[in-house]
Amino acid sequence: MKTLTLFSLAAAFSVSAFAAPETYVLDANHSFPTFSYSHLGYSVQTSRFNKTTGKVVLDKAAKSGSVDVTIDMTSVDTGSPLFNGHIQGEELFDTAKFPVATFKSTAVRFDGDKPAEVDGQLTIKGITRPVTLQVKNFLAMVHPMMKKDAIGANATTVIKRSEFNIAKFVPYVGDEVTIGVALEAIKE
């Protein structure tokens, strides 16, 4: 009876420990959003933001989680210093008034044991709109170099820049923007 009780306590403890939410901090060197849009129909241009911070909370057992990300809009990298300055101007990102954009999740949906979609609120230029990120390539494992639990994923969504008061040059420069997120995070 004593062995059964100890076994039951150990099993209960291991299940509750396994079910606990885990918090991961974004790895700034491997986490960044990109955005792509049609440029006059000639090409699809892709740029990125170089400074992104945030946290991901994941409860694998409960199949729930949350994502909270802040993007430094002044870190936009178009590949051209001249265009970096132009895109930060008042008619586009207006980074003097709105230096950050944020994404805060409202729901995470799983496909099996992996997150598949993340609903949330995206705020750009002080305007908040609902978006759904489609998650691809999700992986959770011990980081081979850091020897700590880590997660990684790629996610995408499509927005209309006109909905965020960034409509200059529409329709010549595409209104639809594909946002891609490369995310890696290390367990706290």
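Each value in this text was obtained by applying a stated rule to the coordinates, not by laboratory testing. Quick caveat, the model's predicted, so the values are computed rather than measured. Positions of Cβ are generated from backbone atoms using ideal geometry, with glycine treated the same way; all protein chains shown enter the neighbour counts.
The test for being at positive phi and assigned to a strand (DSSP E or B) does not hold for Asn154. Scanning the range 98-129 for residues that are assigned to a strand (DSSP E or B), more than 14 Å from the chain's Cα centre (by Cα) and not β-branched (Val, Ile, Thr) yields Arg109, Phe110, Asp111, Lys114, Arg129.
Report yes if some residue within the range 106-126 is out of contact with any Lys or Arg (no Cβ under 6 Å at 6 or more places or on another chain), farther than 24 Å from Asp27 by Cα and surrounded by 15 or more Cβ atoms within 10 Å (Cβ to Cβ); otherwise report no. Yes, that holds for at least one residue. Among all residues of the range 76-84, there is none that is in a strand (DSSP E or B) and under 13 Å from the mean Cα position of the chain (by Cα). Selection within the range 85-97: residues that are aliphatic (A, V, I, L, M) and either free of Cβ contacts under 8 Å to residues at least 40 places away in the same chain or not in a loop (DSSP other than H, G, I, E, B) (or both). The member of this set that is surrounded by the fewest Cβ atoms within 10 Å (Cβ to Cβ) is Ala96. Tell me whether the range 171-181 contains one or more residues that are assigned to a strand (DSSP E or B), of a type in the set (D, E, K, R) and under 18 Å from the mean Cα position of the chain (by Cα). Scanning the range 171-181, I find no residue that is assigned to a strand (DSSP E or B), of a type in the set (D, E, K, R) and under 18 Å from the mean Cα position of the chain (by Cα), so the answer is no.
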